[in-house]
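What follows draws every value from the coordinates through simple rules; no lab data is involved. Please read these numbers as outputs of a predicted model, since none were measured by experiment. Cβ sites come from the backbone with ideal geometry, for glycine too, and all protein chains shown count toward neighbours.
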Amino acid sequence: MMETYHWTIIAILGVKLVSAVLLMAAGKTWIRAAKWVALGASLTSMGLTISMLPVLSNGLLRPLEIEYLPLLGIRLGLNLDWISFPFLLTEEFVTFFAIFYGLDYLKEKPNQPLFYGLLLLFAAGMSGTTLANDIFLFYLFWELMLIASALLILNWGDGKQRVGVTLKYFIITHLGSLLVLVGFVILYSHTGMDYFSAMQAAFDASHTFVPLVSILFLIGFCVKMAIVPVHIWLPDAHSVAPMPVTIMLAAAMLSMGTYGILRFPLSFISMEQFSHYGVYLMVFGVLSEIYGALMALAEKDIKRIIAYSSVSQMGYILFGLGTLTSAGLMGATLHVIYHAIVKALLFCCVGNIIAATGKRQIDELGGLWGKLGGQGILVMIGVLSFAGLPALAVFNSEWLIFSSGFQTPYTGLAVLEILGSILTAGYGLRFLGLIFFNPGKVTEIKPIPFSMRMASFGLAALTVIAGLFPRPIFNVIANEIPLLLGGMLK
Amino acid sequence: MVNLVLLWLLISPLALAGGWLVLAGRGLQRIKYLGAALLVGLSGLLALLVVHLPQPPEPLCLFTHPSAGEMCVRADASSLKLIALLNLMMAILIGSRMHTLAITPVQASFLFASLSAGNLALLSEHFLLRYIALELAAIWFLIELFLAFKGEESQIRQSISAFINLRVGDAGLLIAIFLMLSASGSFIIMRSLESALGLRADHLAITILGLVLAVWVKLGIWPLNWWARIGGHLHATLFTWFCRLLIPVLGGYLLYRSAVLIAAAPDLANLIAILACLSALLSTLIRIFHSAYRDTILANQSFASCLLLGLAAVGKSDQILPALISFLAARLLIDMLRHTEVEFNAQQKSIRTMWLLGARMLELILFIPLIFHIASGFNQGVWIWLLWMGLGVQMLLNAGKLDIFFMTKGKGKQPIKAVLQTSGMISLAALSSLTLHHLSRIWTDQDHSLWPMNIFNQSLQAYGMVLLSFFFAGILLWLVKYLQKSPALKALLHQAAETIEKMLPKHMQAVSRQDVLDQTPLLVRVYRKGIQFLGEREDIFDQYPRLIRMFSKMTRFLYERVEQFTSVDIWRKLQESVIHLARRLQEMHTGKLRLNLIWVVVVLVILVVLYLSGRLDVINAHG
């Protein structure tokens, strides 16, 4: 029997899917209404997600099961638990801000209903992946997310290179998806279950296929996280995509890789079995952190600087996951949320700078402090947050991730992780200093449209609030720990 | 009552910061400054009062962090004394420079926010809280740098380097905090430090090195003092002055608290002592060519900080706090003097020299036990000679800075006047510095036996004699000038001058009577005559300039090799090379689908290393 919350879960997905289909079907007849429909859908979906918090707090929810292909034993399952909730909430917030930012950003862009339709499909892909409780649905939404985002880059991306970039993005991330798919197939063939909770119950952790499945999942999800060296799709895709899509790619879609790692290897496999892989994750985490930061230091295109910073930030997350401690896992999940907020903020600001000046090479910019209606302060909040300044969002998660490194036997890696964070401050301040405080090179500054300005202010406020009052998010995240690694974490 | 005062110390500067922003452009500037000076002064006095009150058993917990627990502050006598001094200094400076202060409302609010962060860092009994306060102090400094250097490309890049420099220190502190956390399971400072003593040897070593790195950077010790160098190039506003002072004080206090840990690892402590000595010596050699006043002050700060670090390394942590307090007080004195109505040249020279000599007195007090300790701890002649050589260089430098060479070279009367005028001030400053140090030790330790070793007495007495001779020379000059007004004496002096003139070589006799009446050239001539007289008998004075030139060449060589290496330019170049290297790496995977072979190699190498390390573990496990 379906409970009320089952309807809510369906509605979270349904609102976006239905709105997307309507927008795409209506085509040019809904040109003016398209953005408001999309905004309304994302707002509703976000409201519904928040309304699930009290329900979740009252106890674990019963998953929703719908028969789909009875002959093959495939059912469609949706579920919301403490692992998926933080990710879902993050995606909803990011989608809302991306669409809100797009209200003015897309004014001049052609075929807006289709754009918003695809954007909602992209968002639905992410929500569906997070809510899915069976292999089939998970993979379906996983691919929907990829296809919708690829189409958005292909049609509305900047520059002539967008076709090539889309191809690169699609093929590399799809290769990662295939590895995940192979992992699913192996799991399915050994357990005979497609349903996550049933699969978990039937899972024999001592079986010989476990290492293979773990490696497949880890590599597959690391592609989505853009961990070095499988990050090569990210800088191009992020810099070519239109800004609302970039915001969603960087702030929300990257987190799907983290979700995948938490959901599959970490919630299936015991602590003992997974401990072999922890150090690998830590090593690649440090590598990614340092390499991404170096690239951000080297880059001149301001959009690509922030894109490379994602590679670096994902390194922090992977390092936290690799420590296999409750502080590390909590820190990684927190970092996903904080990274989403701050990354969205920085991309909004980058979009605003480009809109106001028409330039995106850092050498061509300068002297913008006090000339962009407070954008300098917002960028300062963003880069200082990534630099780990206390009282701003990212500090809390970085603190947990750093401390978790010292709870493992690999003190050297933990020390490297902390030293690598100096580079984060380096590229952040270079970004801020050269754009705003260097001698002025920009002669003409256009006003920044209202929705673009307000989106960045809203995200900056969230960055400060999340930094000053971390407890509510901590409390939500803490609930996921008993569900991971067989509940063995302290 | 005590807790209320603690809250006042934290909140009142923040209220001032907010109030200043709100009242920007409103009200009389002078009244606002006066109000701020009174409020900050009151904070200082309250801190002093609390030192003598019975301390409450429980700390005052301000915040709770989900992952770090309750974050508390505690009224500790040592921190309260520093807070009192900081606040009183600030009040005196605001009050005394009310008319000349030109800071914007934003700078003023940053200033008071920094004061609050400083008070918080000194009072906090929780490592996370202290880290937060230290970071906040650093970030206000960075923002000030950015705002001050707005529109100057190279300076902006250097500001970034300055903040990164501070972050290097913070990284060291973080590493130490987390290692201590792994031993104690707590961020409470006292508990963490006690538990850290039980860490295994390698972790204890990393913890100590992390702490020393943090202290090294924050104290502004060469060569990790770029932040202080860059800060030194700022226009001297009250805010920049305060930041440049606050961060070293916070570093010094961190050293004071963590000295117990350094002493727990004697081998490492000796290494730190040697490093501190080397840094002190090299930075001293280098500063000979720093003609700018700010660089000289910076070099002195670095030297004094080395000594603080050295004191901790040799287990004399009880002397750190008095040294820190006297450093603060001397700094206040210097800053006050900078704005007195002294003739410009003389003022510049006197301040610089005063600093050098004022600091020298401290250095002599602190440096000698350090050398002795290392000499006795390490039975290696090379170190002993190196350090004694360093001490000798210090003495030489003092002579150099007294501008004796000006006199021998005879560059005119004005520098000589300045030198003589300066000597009085130098002596006063040196004596003041000594007295301050004495008083601060009595205040902090209630220790009335000031000089525990005879060698101190002798050294100080000898040094004091030299200084006093200059002091008396100054007084003599003043007396001569006064007596010149007497006609009888004037005639006498005239006659004396004529007599002396006849004794002088011919090329020096073409001096007007009026000049002769001025006693400065007279003194110069007498001095030269004396040297000439001695020179005819001994060759030492012929050798002296040669020695000086040789020494000058040596130090120039060091300057060009070492100082240039650590200059901001080099760090900028280093940063550029990192960027260049990163760009080369980036070029390796441009294009649409090109997955460069380098990535495959990188991954393979990592995997092989991990695999081999795993195999090694297995082999080890099997015996």
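Quick notes on this one:
- Violating pairs (Cα-Cα greater than 18 angstrom) within the set A:LYS28/A:LYS107; A:LYS224/A:LYS300; A:LYS35/A:LYS371; A:LYS35/A:LYS160; A:LYS224/A:LYS343: A:LYS224/A:LYS300; A:LYS35/A:LYS371; A:LYS35/A:LYS160
- Look at the stretch B:62-72: the mean tally of other chain Cβ atoms within 10 Å of its residues' Cβ atoms is 3.
- A viscosity of 1.306 mPa s and a temperature of 10 °C, combined with the Kirkwood radius over Cα pairs in Stokes-Einstein, give a translational diffusion coefficient for region B:138-266 of 103 µm²/s.
- Cβ-derived FRET efficiency at R0 45 Å, B:LEU581 paired with A:SER197, nearest 0.05: 0.35
- Rounded if a/c under 1.5, otherwise prolate or oblate - region B:74-227, Cα gyration tensor axes: oblate
- Normalised contact order of chain A, rounded percent, pairs of Cα under 8 Å and 6 or more residues apart: 15
- In this structure, the residue pairs whose Cα-Cα separation is over 27 Å, taken from A:LYS168/A:LYS441; A:LYS441/B:LYS218; A:LYS109/A:LYS446; B:LYS218/B:LYS316, are A:LYS168/A:LYS441; A:LYS441/B:LYS218.
- Computed lengthening from A:HIS276 to A:LYS446, 0.36 nm per intervening residue step minus Cα-Cα distance: 55.7 nm
- Taken residue by residue and averaged, Cβ atoms of other chains lying within 10 Å of the Cβ of B:172-180 number 5.
- Within chain A, the ratio Rg/Rh, alpha carbon atoms throughout and Rh by Kirkwood, equals 0.95.
- Full-stretch length increase - A:THR29, A:ILE354 - with 0.36 nm per residue and alpha-carbon distance subtracted: 113.9 nm
- Chain A - mean residue ellipticity at 222 nm from DSSP helices (-39,500 (n - 2.57) per run, n ≥ 4, rounded to 500): -24000 deg cm²/dmol
- Computed from the C-beta positions of B:GLU152 and A:GLN361, the FRET efficiency with R₀ = 22 Å rounds to 0.60.
- Extension gain for the segment B:THR104 to B:LEU34, taken as residue separation times 0.36 nm less the Cα-Cα distance, is 23.6 nm to one decimal.
- Chain A: DSSP helices with Cα axial extent of at least 18 Å and average Kyte-Doolittle hydropathy no lower than 1.6: A:4-26, A:135-156, A:209-225
- Going by neighbour counts of Cβ atoms within 10 Å, the residues A:LYS35, B:LYS218 line up, fewest first, as A:LYS35, B:LYS218.
- Loop-located trypsin sites (Lys or Arg not before Pro) in region A:240-335 whose Cβ has at most 14 other Cβ within 10 Å (DSSP): A:LYS300
- Using a simple spin-label model with pseudo-atoms 7 Å out from Cα toward Cβ, A:ASN479 and A:LEU167 lie 4.7 nm apart.
- Rounded to whole Å, sorted largest first: equivalent-ellipsoid semi-axes of region A:272-402, Cα gyration tensor: 31, 16, 9
- Efficiency of FRET between A:GLU67 and A:LEU468 - r from beta-carbon atoms, R0 45 angstrom, step 0.05: 0.40
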